[in-house]
Amino acid sequence: MKNHTLVLILLLATTACASAENYSEDPIRTLLPFDAIPAITEPQFVSAGVAKLAPDAPVIGVTFNDESHAYSLYLLNGHEIVNDVVGGQNIATTW
Amino acid sequence: MYDHQTRSLWSHITGKAIQGPLKGKQLKTLVSMPQIAWKTWQLNYPETEVLSLPTVGGTREGINRDNYADYHASQRAGVSGTEYTDDRLPNKSLVIGVQVQTKDGKRQFRAYPITHFTETAVINDTLGKVPLLIFHDKSSFATAVFKRNVAEDVRTFRAQDGHFVVDNTGTLWNLVTGEATSGTDKGKRLERLPAVNIYWFAWARYYPRTTIYRP
């Protein structure tokens, strides 16, 4: 896989953080195998002018350094993660 | 979620790796518009590009059906069988989840039930001594969280129309872009913080110390 990677809008950072989470004691249950919900690793885009989206369709919107991307939530239902680059930032948009 | 390189497992709520070689590593949560009506996003960002998936005979940007509509309408909380027991709110209450880092390096968490935004689009609050502006427009479903200061000057906001709000100096702000659109502050931007629309059961499980906003 070439570019890639992760997954909400997140960037890899190495800082540990004070943890208040007790979810870490919850068991990890495997419900689906890897890639049963395939993440998007090479996203394609169209311009706003030609996009066929209903006016009230819900989207996630991201903007960095004057570059903006919109992702239909109903499309993301089937993929959950878009590995993307927006305004020079490597991001994972997750739903 | 998992990463292809190490197959570590990550929580997409916290951004932290919970299993595998990268366990304990933390992704940085960036600012975004977690949900907004397409027409409102396009109005504010006309140059935006739109995710489009390859399909038979071309690409498609939209599906007009929410495959999770039944889940959202139901009382079911998650899919893992985990029991969620923080009954301060009903499990499926939709909240805006906010966290701030205080000066002593600790984090504070607060949930803003979406039902508070039926009468007004803005809540002026302070969390961990950080003055906050919580915004949710019920018509476009836009959600945003900002620090409500301009340099050192803390402002108080009230709803005006849709995603436009006014502060106590009379300045008009667009809270989709975070930018002042009139007055001497025109062109200035409020500092945006990460915001999520999330069901209470998930927010409370990951951040059990969270408080709940009460008017």
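None of the figures in this text is laboratory data; all of them are computed from the coordinates on show. For clarity, every value in this text was computed on a predicted model and none was experimentally measured. Virtual Cβ from ideal backbone geometry, glycine too; neighbours counted across all protein chains shown.
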Would you kindly derive the ³J(HN,Hα) couplings of the stretch A:62-74 from the backbone phi angles with the Karplus curve 6.51 cos²θ - 1.76 cosθ + 1.60 (θ = phi - 60°), listing them in order in whole Hz, with x for Gly and Pro? 10, 9, 9, 6, 6, 10, 10, 10, 10, 10, 5, 4, 5
Under 24 Å, Cα to Cα: Lys pairs in the stretch B:84-212, sequence gap 8 or more or different chains: 10
First check a/c for the stretch A:22-86, with a ≥ b ≥ c the square roots of the eigenvalues of its C-alpha gyration tensor; if it is under 1.5, answer rounded, and if not, answer prolate when a/b is larger than b/c or oblate otherwise. prolate
Once both label points are put 7 Å beyond Cα along the C-beta direction, the B:Glu47-B:Lys147 separation in nm becomes 2.7
Semi-axes of the equivalent ellipsoid for the stretch B:84-212, Cα gyration tensor, largest first, Å: 27, 17, 10
What nm value, rounded to one decimal, do you get for the distance between B:Phe164 and B:Arg88 when each label is placed 7 Å out toward the C-beta? 3.7
Based on Cβ point charges of +1 for Lys and Arg and -1 for Asp and Glu, what charge dipole magnitude is obtained for the stretch B:76-215 about its Cα centre, in debye rounded to the nearest 20? 340
What's the magnitude of the charge dipole for the protein assembly as shown around its Cα centre, counting Lys and Arg as +1 and Asp and Glu as -1 at the beta-carbon? Answer in Debye, nearest 20. 660
Could you tell me the distance between the Cα centroids of the stretch B:75-92 and the stretch B:1-49, to the nearest Å? 23
How much mean residue ellipticity at 222 nm does chain B get from its helices, if each DSSP H run of length 4 or more adds -39500 (n - 2.57) and you divide by all residues, to the nearest 500 deg cm²/dmol? -2000 deg cm²/dmol
Along the three principal axes, how long is chain B when you take its alpha carbons, biggest first, rounded to the nearest angstrom? 52, 51, 36
Here the relative contact order (percent) of the stretch B:47-152, from C-alpha pairs under 8 Å and at least 6 apart, is 13
Taking every residue in A:33-46, how many Cβ atoms of other protein chains lie within 10 Å of its Cβ, on average? 3
Just tell me how shielded B:4-15 is by partners: mean number of partner chain Cβ atoms within 10 Å of each residue's Cβ, no decimals. 5
Per-residue mean of other chain beta-carbon atoms within 10 angstrom of the beta-carbon, peptide B:193-204? 1
